[in-house]
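Each reported figure results from applying straightforward, stated rules to the coordinates on display, with no laboratory input. Everything quoted here is computed from the prediction, not taken from an experiment. Counting neighbours? That spans all protein chains shown, and the Cβs are built from the backbone with ideal geometry, glycine included.
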Amino acid sequence: MYDFRHALILGRVTSGEGGAIIVAQANEVLRAEFPELAGRIALHLPDEKSKRLGQAVAAASLPELQPRGGSGT
C-alpha cells in the first residue's frame, strides 16, 4: 500500500536487549514471509534518548496533511 524503505520501531519494550530481539525477529519474518520486501525495508531503533519521546518522534515524522476543499472544512 505504501512505498516506504524505513520503519522506526518505537515503544518502551524496545529498550535494552528487547529492541534488538524484536528487530531481529521482525527481519526474520520479513525474509521468510515477504522476501520481496526484506531487501527494501530497513527497520531502525532510535537511540535511548529518542525512545523516551515515543509518539512525539513518530508524530514529528508524519507528512503535513493538506486541507480538503469543499464544505468549509
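Worth pointing out:
- Among all residues of the stretch 25-42, there is at least one that is of a type in the set (D, E, K, R) and within 14 Å of the chain's Cα centre (by Cα).
- Scanning the stretch 1-27 for residues that are free of Cβ contacts under 8 Å to residues at least 24 places away in the same chain and either of a type in the set (Val, Ile, Thr) or over 16 Å from Leu45 (Cα atoms) (or both) yields Met1, Tyr2, Asp3, Val13, Ile21, Ile22, Val23.
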